[in-house]
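Here is the structure we will look at.
Please treat every number below as a calculation from the coordinates, not as lab data. From a predicted model like this one, the values you see are computed outputs, not experimental measurements. As a convention, Cβ positions derive from the backbone with ideal geometry for all residues, glycine included, and neighbour counts pool all protein chains shown.
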Amino acid sequence: MVKAKFSTWASALCFLSLCGDAAAHPAATAAACKADLKGLLTDPARHWAVNTTVSFPGDATFANATERWSIFSAPTYSAAVSPGTEADVSKVINLARTYGIPFMARSGGHGYAASFGKLQNGLSLDMSKFNTVKIDSAAKTLTVGPGARYRDILDPLYNAGFYVQTGSCSCPSVIGVAIGGGVGRLMGELGLTADALQSVRLVGADGVAKTVSATSYPDLWWAIRGAGANFGVITSATFKVQTLASNNNGNVFMLDFYLPKEKSLDYFKVIEKHYSPMPANLAAVLVLNWNSTLNVSQVGSDWIFFGTEADARKALAPILALGAQYISATIPWNKIIAISGAGYDPENCLPNKPRNSFSLNQKVYSAVGWQQGFETITDFFEKNPGGRASQIMLELFGNQATAAVPASETCWPWRDVRGFFQAQFVYDATDSATQQAANTYGAKIRSQYAPYTGYSKPTVFVNYARGDEPIENVFGADKLPRLAQLKHKYDPSNLFAYGHPLPQSYP
Ligand SMILES: Cc1cc2nc3c(=O)[nH]c(=O)nc-3n(C[C@H](O)[C@H](O)[C@H](O)COP(=O)(O)OP(=O)(O)OC[C@H]3O[C@@H](n4cnc5c(N)ncnc54)[C@H](O)[C@@H]3O)c2cc1C
Ligand SMILES: *[C@@H]1O[C@H](CO)[C@@H](O)[C@H](O)[C@H]1NC(C)=O
Ligand SMILES: *[C@@H]1O[C@H](CO)[C@@H](O)[C@H](O)[C@H]1NC(C)=O
Ligand SMILES: *[C@@H]1O[C@H](CO)[C@@H](O)[C@H](O)[C@H]1NC(C)=O
Ligand SMILES: *[C@@H]1O[C@H](CO)[C@@H](O)[C@H](O)[C@H]1NC(C)=O
């Protein structure tokens, strides 16, 4: 008894005096802190549930419990806990608070802000075991754990007769996307992923699990829909879903094609003229990349229309008139990610690569702005063969349903947004020359494009933010006073401190 207390006290001393301030204390202390973290986590006094896994570098399960989609400026870990129960999530948070252990929750591991790299030798609170997917057909709801990825919900929902607004890839966690707003092809028809949320279970900085909804902790309910990673660890979330019968039985029309760079400006002008604003049930994702067969820059396009082919052909007439070589098909909603965009998803979802991203919201569409970005990244491709898997992605979405939600309903600040501009650099992990070029070109492309977004200053929503932006440009100056007040109320010791941390007071 006395012994256990002493070792607890000794650990506290180490974490508080050394690890809690890792930046100020160089590598010499890291090993000592690592040993103490191991001692703390493996102490029988923890009484972990039988299905909770504690792992350390070299253990078989450690790689999965800490895996990142992007290894550019990524966090590093000395230990991981993969809880099997909510009580053990509380236990981890209580330990982290008591001993000053730097940690980060991990659900899908797809957060890619460069600022995550500020967490070094930390603890991964890996939520991947909470991977349940439950559909309540009578209530028309979907309930998922944080380990559920988009790929886990698409077919079950469709087979049960439902669809829901999603992100555009199969691999991020549904909850991770939702708590940053969650943008995607159905923003025009259904709103943000966060707009479909009905309630969540959240373990707060106090270690207490709470239900958070419109009627339970309504202040947190406002804050977790846009700044969710700042307020606790969500263990489950329930979303409202829509019947397939309400939308062409869940069938959509897709139109995919490539154009060479010589035709890009004319194409962009067609979009600017005819699709600004985008109809609610139409969405486009454009990729400005390098064609490694022809060795030229190209625009790849994927247009999705939620409705019949006949209506789609009317809505897409100006695009069809371009006379490109099209691939078109009517496909069910749950196969959009798998089939459309020339099968972009598996490559886009590969983990453990440097993915160095620079993003902006866009409210208007600008052919000239896009073309300028295209010219700059083409220059990058020509001079940096090691970076030719990089791209600029333009996501063009309607925002009718997103804008119809009152601004005061959630903390998500960009309900007037109609698209996203993202330069994403990919290269070999050992290729430091290309990484350096990516940093330079990325910053240049982002600042060149900023005046064309339709916003008076550069803005970016939290899921796409790099972490080097002024916080007003991410969370919105009008939302920050209340967000900071809530941060201070619910996370006074700043446990949720990595990625896009809110301040304790603002201004
Ligand atoms: C290939 C790809 C496609 C994407 N597509 C879209 C898209 O279409 N739309 C869109 O809006 N975004 C998209 N994103 C961005 C994505 O929404 C964010 O990266 C999101 O944070 C990923 O969540 P995650 O759980 O996978 O990541 P993680 O890295 O596990 O978590 C991200 C952040 O959330 C915190 N967090 C994780 N789990 C929890 C939890 N259970 N409770 C509280 N906080 C938690 C983490 O600590 C971290 O700060 C995409 C990202 C990638 C890599
Ligand atoms: C890690 O995850 C992969 C993919 O889900 C899985 O196939 C593999 O078995 C996991 N490894 C361990 C050691 O759990
Ligand atoms: C872990 O075990 C507990 C107790 O049996 C159970 O309630 C829980 O669902 C399990 N967790 C997972 C992720 O399977
Ligand atoms: C390259 O361009 C051709 C012609 O547009 C196209 O068919 C092919 O799929 C493209 N290849 C890649 C890798 O994008
Ligand atoms: C494209 O470049 C590769 C590598 O530099 C080269 O092997 C290939 O022949 C080139 N293809 C064409 C069509 O020029």
key: Diffusion coefficient, µm² s⁻¹, Stokes-Einstein with Kirkwood Rh over alpha-carbon pairs of the chain at 25 °C and 0.890 mPa s   = 104
ask   = Using θ = phi - 60° and the Karplus curve 6.51 cos²θ - 1.76 cosθ + 1.60, what whole-Hz ³J(HN,Hα) does each residue of the stretch 177-194 get, with Gly and Pro shown as x?
value = 5, 5, 6, x, x, x, 10, x, 5, 9, 4, x, 8, 10, x, 6, 4, 5
ask   = Distance from the Cα centre of the stretch 103-130 to that of the stretch 320-335, in angstrom?
value = 37
note = Given the candidates N248, A114, L220, the one whose Cα lies deepest towards the positive end of the charge dipole of the chain, counting +1 at each Lys or Arg C-beta and -1 at each Asp or Glu C-beta, is L220
message = Tell me the angle of helix 2-17 to the major Cα principal axis of the chain, expressed in degrees between 0 and 90 and rounded to the nearest ten.
response = 50
message = Taking the Cα centroid of the stretch 67-83 and of the stretch 365-437, what is the distance between the two, rounded to the nearest whole Å?
response = 25
request  = Pop a pseudo-label 7 angstrom from the Cα along the beta-carbon direction at both V368 and A497 and give the gap in nm to one decimal.
outcome  = 4.7
Cα-based equivalent ellipsoid, the stretch 124-276: semi-axes from gyration tensor eigenvalues, Å = 32, 19, 15
ask   = What spacing in nm lies between the two simple spin-label points modelled at T211 and A317, each 7 Å away from Cα in the Cβ direction?
value = 5.2
ask   = Mean residue ellipticity at 222 nm from the helices of the chain, using -39,500 (n - 2.57) per DSSP H segment of n ≥ 4 over the full residue count, to the nearest 500 deg cm²/dmol?
value = -9500 deg cm²/dmol
ask   = Each residue of the stretch 93-110 in turn: what ³J(HN,Hα) in whole Hz from Karplus with 6.51, -1.76, 1.60 and θ = phi - 60°, glycine and Pro shown as x?
value = 5, 5, 5, 4, 5, 5, 9, x, 7, x, 8, 9, 5, 9, 10, x, x, 9
inquiry  = Checking the table K335/K479; K353/K444; K261/K314 against a 30 Å threshold on Cα-Cα, which pairs fail?
reply    = K335/K479
task = With only Lys, Arg, Asp and Glu charged, each at its Cβ (+1 for the first two, -1 for the last two), find how big the charge dipole of the chain is about the Cα centre; round to the nearest 20 debye.
result = 660
request  = Starting with the highest mean, order 365-375, 390-400 by the number of other Cβ atoms within 10 Å, averaged over the residues of each peptide.
outcome  = 390-400, 365-375
